[in-house]
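Report on the following structure.
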Amino acid sequence: MRTLLLAFTTISALALHPTAAHAWGQTAHAVIDRAAIEAIPEDGPVFLRKHVDYIAASASLPDSWRGDAENFSKMEEDPNHGWFREQFTFVKPIPRSRHEFVLALYKQYEAIKDSDPQTAQRTNIRWTGTLPYAAMEAYERLITCMRYVRKAQAEGGDASIPEQHCAFQVIRLGHYIGDGAQPHHDSIHSDGWRGDNPKDYTTDRSVHGRFESRFVDGMGLTVADIAPRIGAPRRQSGDMFDAVLGFLNEAGDLVENLYKLEKRNGFADFADKDVRAFVYDRTTAGAAMLRDMLCRAWAESATPPAKITPSPLDANNPRFNPETGSAPS
């Protein structure tokens with residue numbers, strides 16, 4: 001009952017912010033979250049199934065944190081929904097620290113602001129995005145919350161509160177991963193084609209919403225459409241940050257395909273098999289990645305947090321960066 005009440009409360013709150021939708025839209029985000037949770041195997045964090053209604057109903061909540069009226073929230077949250085790769089090709093390798101990434105952008109801005117002011121105008125986190133950092137931050141918070149679930153289970157205690165903490169982090173992680181699966185979120189061509197345009201792709205900003213909201217709603221996307229496509233868990237070993245970057249690169253590589261499809265009829269034909277297949281592919285990819293991260297977080301939570309010596313905040317740590325006051329991850 002509490003979960004259903006929370007879901008209703010969240011839906012009501014989101015209804016007060018009808019202009020805050022900047023991403024897939026509630027339909028695709030909810031489908032991705034539900035499909036991911038339903039695909040969790042029995043040795044995974046199956047307790048999340050009890051909270052699936054709350055999570056799915058809140059799937060677009062992070063978009064509501066981007067409203068102009070709450071500008072502190074907007075400034076922090078806006079970049080978390082994109083990863084516009086073409087804008088920061090000079091950053092190699094990608095730093096394992098949000099703050100180091102921001103500093104790299106600022107240094108480049110300072111270097112080019114006089115010689116190339118047009119490029120400099122978008123050399124900042126609002127126009128590069130910070131999506132992989134937001135995803136990893138939510139992922140590591142989820143690991144911590146899951147440790148409390150395990151502790152309560154081991155002690156025969158009440159796990160309901162730590163489970164709810166986990167559910168909230170899944171809302172955040174699911175939203176960022178869902179956004180990352182959509183190629184518009186992984187390219188400077190997020191709201192119409194930018195720059196050289198020899199193939200005459202649309203420059204209309206509405207292309208983003210016409211695809212991920214109007215078309216998805218019009219085709220009637222459901223969990224049943226993608227559930228059989230998800231497959232067994234992957235990414236249960238190896239570096240998760242690298243996996244997230246690879247996931248975003250895979251999606252970003254598809255952005256031109258999306259614009260080619262738009263040239264047919266502007267995503268107006270909800271029966272278009274190729275556009276439907278594209279939606280299935282991308283929502284499946286998002287659900288699979290989210291499920292993999294949920295299962296991996298659960299496995300990571302089975303062991304105590306590693307003792308890091310020297311501390312990341314200790315200047316004696318060999319990876320300590322005095323510009324950020326910390327060692328990167």
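Looking at region 108-220, what helices (runs of 4 or more DSSP H) fall wholly within it and have at least 2 residues that are surrounded by 23 or more Cβ atoms within 10 Å (Cβ to Cβ)? Outline the logic, then answer.
Details: elements: 117-120, 125-128, 131-154, 160-181, 216-219.
In region 108-220, the matching helices (runs of 4 or more DSSP H) lie at 131-154, 160-181.
Please give the number of the condition K307 fails out of (1) of a type outside the set (F, W, Y); (2) more than 27 Å from the chain's Cα centre (by Cα); (3) under 22 Å from L261 (Cβ atoms).
(3)
So in region 64-107, with the set limited to residues that are among the hydroxyl-bearing types (S, T, Y) and part of a helix (DSSP H, G or I), which one is surrounded by the most Cβ atoms within 10 Å (Cβ to Cβ)?
Step one: list which residues in region 64-107 are among the hydroxyl-bearing types (S, T, Y), which gives 64, 73, 89, 97, 106.
Checking which are part of a helix (DSSP H, G or I) leaves us with 64, 73, 106.
Values: S64: 21, S73: 13, Y106: 13.
Among residues in region 64-107 that are among the hydroxyl-bearing types (S, T, Y) and part of a helix (DSSP H, G or I), the one surrounded by the most Cβ atoms within 10 Å (Cβ to Cβ) is S64.
Could you check region 294-329 and list, in sequence order, the residues that are touching a residue at least 24 places away in the same chain (Cβ under 8 Å), of a type in the set (A, V, I, L, M) and outside any helix (DSSP H, G or I)?
A302
Of all residues in region 276-311, count the ones that are in contact with a helix residue (DSSP H, G or I) (Cβ under 9 Å, 6 or more places away or on another chain), surrounded by 14 or more Cβ atoms within 10 Å (Cβ to Cβ) and more than 20 Å from A30 (Cβ to Cβ).
5
Would you confirm, using the coordinates I've provided, whether K260 is at pLDDT 95 or above, in a loop (DSSP other than H, G, I, E, B) and more than 17 Å from the chain's Cα centre (by Cα)? Walk me through how you get there before you give the answer.
Details: at pLDDT 95 or above: yes; in a loop (DSSP other than H, G, I, E, B): no; more than 17 Å from the chain's Cα centre (by Cα): yes.
The answer is no for K260.
What about P228, is it more than 22 Å from the chain's Cα centre (by Cα) and not charged (D, E, K, R)? Step through it out loud before you land on a result.
Values: more than 22 Å from the chain's Cα centre (by Cα): yes; not charged (D, E, K, R): yes.
So P228 fits the description; yes.
All but one of (1) over 14 Å from the mean Cα position of the chain (by Cα); (2) assigned to a helix (DSSP H, G or I) hold for G238; state the number of the condition that does not hold.
(2)
Please give the number of the condition A57 fails out of (1) modelled with pLDDT of 95 or more; (2) aliphatic (A, V, I, L, M); (3) surrounded by 14 or more Cβ atoms within 10 Å (Cβ to Cβ); (4) within 26 Å of R234 (Cβ to Cβ).
(4)
Considering each residue of region 135-168, count those that are over 30 Å from G82 (Cα atoms) and β-branched (V, I, T), and give that number.
Taking region 135-168 first, the residues over 30 Å from G82 (Cα atoms) are 148-161.
Of the ones still in play, those that are also β-branched (V, I, T) are 149, 161.
Final tally of qualifying residues: 2.
The values are calculated or read from the model by the stated rules, or taken from the named source; none is laboratory data. In this text the structure is predicted, and so the values were computed from the model without any measurement. Neighbour counts run over all protein chains shown; Cβ positions are idealised from the backbone, glycine included.
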